[in-house]
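Taking it in order: structure first as structure tokens, then the write-up.
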Amino acid sequence: MAMAGWTPRRWRRRRADNADRHGDRLSCGSAGAAAALPLRIFRRRAFAGQTAAANLADLAAVRLRQTVLRDVATVDTATRLFGTDLALPLILGPVGLAGMAARRGEVQAARAAAGAGIPFTLSATSICPLDEVGQAAPCWFQLYMVRDRDFAVEMLARAAAQGCGALVLTVDLPVTGIRWRDRRSGLADPGLAGRLRRLAQALGRPRWLADVGLAGRPHALGNIATMLGPAAGMAECIAWTAANMDAGITWRDVEWVRARWDGPLIVKGIMEAGDAQAARSAGADGIVVSNHGGRQLDGVGSTARALPRIADALGGGLPLFVDGGVRNGVDLFRMLALGADAVLVGRPWLYALAAAGEAGVARMIGMMAEELRVVMALGGVTGVGQIGRHLIDGWRHAPPG
Ligand SMILES: Cc1cc2nc3c(=O)[nH]c(=O)nc-3n(C[C@H](O)[C@H](O)[C@H](O)COP(=O)(O)O)c2cc1C
């Protein structure tokens, strides 16, 4: 379902304009998203945005090697994770409030991912509740550790009932990062001033107002609202989440979740080799090297630099995921070459969703697949398993990081 007025063709043209102006790295419509969205969720990053910028810059600095005459007539981007086949090693990562980017946005994105043969991860702080998304398309579920353990138990039961293929436990948010921009946008302000600011932003985007603001209701954090009751609006849900985030979380809580979740457990938000090893010891089946897209600790290093260290420390044995700054199939290839088994993206699908709904997300995934296939061919490999550090220029002499 494309957002009113945003046909895939129009979005593609937007994307092309964006490409011309910015020397394109984006396989998605950030220009379209900027035009469509009233709330500035596409700009959200912590503090000065240094880590968000480092994710992009360090990844772009990874130079690839080109090898020729290797018979790349057939290139296969497929991979297998937790016993399931994926069309490419790409996962739509958890993005809170994505349902504000398009009408019932998480449902649209989950459908696009399913159609493309890759997993979609529903954020704990989604607009659409887990049941609504799970009934529309298969999904993974992401959980934050909240003080209210009954809530966690309830969400685990729901995720199991929906047949979620994996649980992503995000551990890099014991407290929310410094995000002054969010305060200025009025998103989390339950008072009159916040309401007026949100209204003013919405009025400036009449298409969004009709398609999402009015037709896309209810606008609460679906999973939290089920706890707080039907009267709870967005601001109340955000306030509950902030008040309930468990800053006392330790590895014992990971074990606590492990004991209550039978499926694959992926710990997200690891930036240190020692933490990766601790996650494995606590029972994780996978790890996401992530700095939350630069939205938490501003100043922490990029994921492109952390990934090889962590891959070396783990030495294989459990799936290694990464996110942060991946904007196209070249970046995806770079992360695989640095040691990832699969890659998550956040902003790319959020922007594509805002620009053109389900069709936009499907198009974004299709473009990344196409780009990955070309990069693999030009790198001289025909299968994802053949991608490694030998395809990074100068690796032996000057490893990144
Ligand atoms: C607007 C926004 C909301 C996010 N919400 C969540 C969330 O609810 N849970 C979570 O684990 N990560 C969340 N993230 C982090 C992403 O899952 C991911 O780590 C990050 O976006 C990757 O970087 P990228 O945006 O450069 O791809 C969010 C990121 C953004 C940009």
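A short reminder: the numbers here are calculations on the coordinates, not readings from a lab. Here the structure is a predicted model, which means the values were calculated and not measured. So basically every Cβ, Gly included, is an ideal-geometry build from the backbone, and we count neighbours across all protein chains shown.
Sorted from greatest to least, the principal axis extents spanned by the alpha carbons of region 93-205 come out as 41, 33, 20 Å. Residues of region 360-395 with amide nitrogen under 16 Å from the 7 Å Cα-to-Cβ point of R207? The answer is 360-361, whose backbone nitrogens lie closer than 16 Å to the label point.
Amide H contacts for L86 (H built 1.01 Å from N in the peptide plane; partners 5 or more residues away or on another chain; cut-off under 5 Å): T79, R80, L81.
Using a Förster distance of 25 angstrom, determine the FRET efficiency expected from the C-beta separation of R181 and N244, and round it to 0.05. Between R181 and N244 the formula returns 0.65. Mean silhouette area of region 293-339, derived from the convex hull of its C-alpha atoms and averaged over all directions, reads 3.6 nm².
Expressed as a fraction of 2.2 N^0.38 Å, the C-alpha radius of gyration for region 244-401 is 1.11. Counting neighbouring beta carbons within 10 Å and listing from fewest to most, the residues L97, L167, L69, L199 come out as L69, L199, L97, L167.
Rounded, prolate or oblate: pick one for region 321-378, where a ≥ b ≥ c are the square roots of the eigenvalues of its C-alpha gyration tensor, a/c under 1.5 means rounded, and failing that, prolate if a/b is larger than b/c, else oblate. Since a/c reaches 1.5 but b/c is at least a/b, the shape of region 321-378 is classed as oblate. Couplings 3J(HN,Hα) of region 211-228, computed from phi: 7, 9, x, 9, 6, x, 6, x, 10, 10, 7, x, 6, 7, 4, 4, 7, 7 Hz, in residue order, whole Hz [Karplus 6.51 cos²θ - 1.76 cosθ + 1.60, θ = phi - 60°; x for Gly and Pro]. In order along region 295-309, the Karplus-derived 3J(HN,Hα) couplings, from 6.51 cos²θ - 1.76 cosθ + 1.60 at θ = phi - 60°, round to 9, 10, 8, 6, x, 5, x, 7, 6, 4, 7, 6, 4, x, 4 Hz, and Gly and Pro are given as x. Shown here for region 322-396: trypsin sites (Lys or Arg not before Pro) in loop regions (DSSP other than H, G, I, E, B) with at most 15 other Cβ atoms within 10 Å, namely R396. A Stokes-Einstein calculation at 25 °C with viscosity 0.890 mPa s, built on the Kirkwood radius of region 235-332 over Cα pairs, returns a diffusion coefficient of 166 µm²/s. The order of D71, D312, D246, D331, going from fewest to most other C-beta atoms within 10 Å of their C-beta, is D71, D312, D246, D331. When +1 charges are put on Lys and Arg Cβ atoms and -1 charges on Asp and Glu Cβ atoms, the dipole computed for region 80-172 relative to its Cα centre reaches about 160 debye.
Considering only DSSP states other than H, G, I, E and B, which trypsin sites (Lys or Arg not before Pro) in region 280-321 qualify as loop sites with at most 14 other Cβ atoms within 10 Å?
Values: sites: R280, R295, R305, R309; in loops: R295.
Here no trypsin sites (Lys or Arg not before Pro) fit, given the DSSP loop and packing criteria.
Please compute the Kirkwood hydrodynamic radius over region 140-267, one decimal place, Å, based on all pairs of different Cα atoms.
Values: mean 1/r = 0.0607 Å⁻¹.
Averaging 1/r across every pair of different Cα atoms and inverting gives 16.5 Å.
Using C-alpha positions alone, give me the convex hull volume of region 347-398 per residue in cubic angstrom. Don't skip to the end; give the middle numbers.
Values: hull volume 5.1 nm³, N = 52.
Once divided by residue count, the hull of region 347-398 is 99 Å³.
Taken along the Cα-to-beta-carbon direction at a fixed 7 Å, the label points for D393 and R149 span 5.4 nm.
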